[in-house]
Amino acid sequence: MNIQQRAAQPIFNPKFECASRDEIRCFQLQELRKQVAWAYEKVDYYRQNLDAAGIEPGDIKGFEDFSKLPLTDKTALRDNYPYGLFAVPLDQIIRIHASSGTTGKPIVVGYTRQDVEEWRYCIMAMIQQAGVVPGDRAQMAFGYGMFTGGFGLHYGLEGLGCMMIPASAGNTERHLMMIEDYGTTVLVATPSYAMHICEVGEELGFDWQKSTLRVGLFGGEPCPPKLKSEIEKRMYITCTDNYGLTEVMGPGVSGECLTSRDQQHIMEDHFYWEVIDPESGAVLPEGAEGELVLTPLQKQGVPLLRYRTHDLTSVTTVPCGCGRTTARMNKVRHRSDDMLIIRGTNVYPSQIEDVLADVEGASAHYRLLVDDETGLDRLTVMLELLPFAFTDSFAEMESFRVQVADKLKGVLQVSVEVKLVEPGSIERTMGKTQHLEDKRKR
Ligand code: DLL
């Protein structure tokens, strides 16, 4: 089945996914009001918060009233670790997941049986728009653990009627053997790990063109357009980028369809979205870039009202060529909390990634190191070259390095150090790739 045939597959729930904007908004408002009442009634944190703001659930008559509710941040989950925000007794929770984060305690979320079912539904709708069909053989390269990627996608894929190959993360050569022996058609992975599988396969003489693999179901980390198209070209597959976060559910919040290849349809029957100014918290008009705020609409276990994702994006409700009318968000390239301040200048790692993506001879692998050993902020970009660009000539390498440094300075407005490293020397990861290490003491 080619990409056009896959794109022409039926829409999972056309009644909602192709409803008019008025119908979608009407449904969302009704569900929002129920969620506010549920959170207020069952979770002390929300009752206290709403009481302090002088708002009662009955006051929420429209979206404008809802946007007056206080925002919820990760700290609420941390401060109430592990079960303080749960809205049901623990004997009604059938699973928990957690997200580690970089500091302090993890955040823990719990799912009732109904939450797990709703999650399965979101994944089925999401993978169907990514071109997955019943009968596909889906190989899982996310870990099965507290991370939501493995189990979350597993049950949705099974639900759609795929044959699951629960390989889990790691052991790249075994993944390659499984793709070949089991006739895998769908690879579920972070894009960076998919790239690694691709490269190891190429080194071992794996013929990707002849392989049964047709679909890459990616997510869990930003998927830069260049990386996606590189994987598609080298593995002869069609890939989609899919987004989600543990706090509101896991994967299944939004995903690309095969028509709108770089925007992700939000599962609006399960999530109410707002985009806010990260500084002031004000709600921005449609199309403006800001921080995505999500309110799950069907949550029993851990309801969250106006949850700050810290992910920066913009959203459009213009109908998509695929027939769906659900809102689409632009790919998340950076977070409001990953901005670096280098000698007073604001720098987003994704700006660096975009410059490197246009450098001929640069691979998709790079690392950013920030330190202040000399007393001043120093940002070093370690860039791995493709084999054809790596030479023994010092003069050639130096001129290449200076060109890259100049391009970066032009865009970032601050000088950075560039180090070119040989092909294969930057460590590959099986899960989410951490491109940045900030060693500053201040
Ligand atoms: O990464 C859930 C997930 C698993 C989504 C598998 C898709 C596939 P967390 O570990 O809680 O949950 O991390 C959530 O990762 O706030 C984003 O910053 C980032 N992220 C997740 N998916 C994408 C994506 C899962 N497609 C955090 N593009 C989010 C960009 C993503 N960033």
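Can you tell me how many residues within the range 215-238 are part of a strand (DSSP E or B) and either out of contact with any Gly (no Cβ under 9 Å at 6 or more places or on another chain) or more than 11 Å from the ligand (Cβ to nearest atom) (or both)?
Qualifying residue count for the region: 4.
Given the options Ala194, Ala169, Ala138, name the one that is at pLDDT below 95 and farther than 30 Å from Ala87 by Cα.
Criteria check complete, one pass: Ala169.
Working only within the range 30-84, note down all residues that are exposed (fewer than 15 other Cβ atoms within 10 Å of the Cβ) and aliphatic (A, V, I, L, M).
Those that are exposed (fewer than 15 other Cβ atoms within 10 Å of the Cβ) and aliphatic (A, V, I, L, M): Ala52, Ala53.
Can you name every residue in the range 261-286 that is touching a strand residue (DSSP E or B) at 6+ places or on another chain (Cβ under 6 Å) and outside any strand (DSSP E or B)?
Within the range 261-286, Asp277, Pro278, Leu284 meet the criteria.
What is the number of the single condition among (1) touching a residue at least 12 places away in the same chain (Cβ under 8 Å); (2) out of contact with any Cys (no Cβ under 7 Å at 6 or more places or on another chain) that Ile11 does not meet?
(2)
From Asp354, Asp338, Asp358, grab the single residue that is within 16 Å of the ligand (Cβ to nearest atom), closer than 14 Å to Val404 by Cβ and of a type outside the set (Phe, Trp, Tyr).
From the options Asp354, Asp338, Asp358, the qualifying one is Asp354.
Per-residue answers, yes or no, for (1) in a loop (DSSP other than H, G, I, E, B); (2) among the small types (Gly, Ala, Ser); (3) in contact (Cβ under 8 Å) with a residue 40 or more places away in the chain:
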residue	(1), (2), (3)
Thr391	yes, no, no
Glu396	no, no, no
Arg401	no, no, no
Asp406	no, no, no
Lys409	no, no, no
Ser415	yes, yes, no
Val418	no, no, no
Ile426	yes, no, yes
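Taking Ser192 and the conditions (1) farther than 25 Å from Glu360 by Cα; (2) assigned to a helix (DSSP H, G or I), which numbered condition does it fall short on, given that it satisfies the others?
(1)
As an exercise: evaluate Ser314 against (1) more than 16 Å from the ligand (Cβ to nearest atom); (2) surrounded by fewer than 22 Cβ atoms within 10 Å (Cβ to Cβ) and give the number of the one condition it does not meet.
(1)
For the range 22-54, what are the residues that are closer than 17 Å to Leu77 by Cα and in a loop (DSSP other than H, G, I, E, B)?
Result: Val43, single match.
So if I check each of Tyr144, Tyr155, which one is closer than 19 Å to Tyr111 by Cβ and either more than 13 Å from the ligand (Cβ to nearest atom) or assigned to a helix (DSSP H, G or I) (or both)?
Tyr155
Taking strands (runs of 3 or more DSSP E) that do not extend beyond the range 301-359, which have at least 3 residues that are modelled with pLDDT of 95 or more?
307-313, 328-330
Out of curiosity, is Arg306 more than 16 Å from the ligand (Cβ to nearest atom), over 18 Å from the mean Cα position of the chain (by Cα), of a type in the set (Lys, Arg) and crowded, with 18+ Cβ neighbours inside 10 Å?
no
The values are calculated or read from the model by the stated rules, or taken from the named source; none is laboratory data. Since we're looking at a predicted model, the values are computed, not measured. Heads up, the Cβs are rebuilt from the backbone with ideal geometry, glycines too, and the neighbour counts pull from every protein chain shown.
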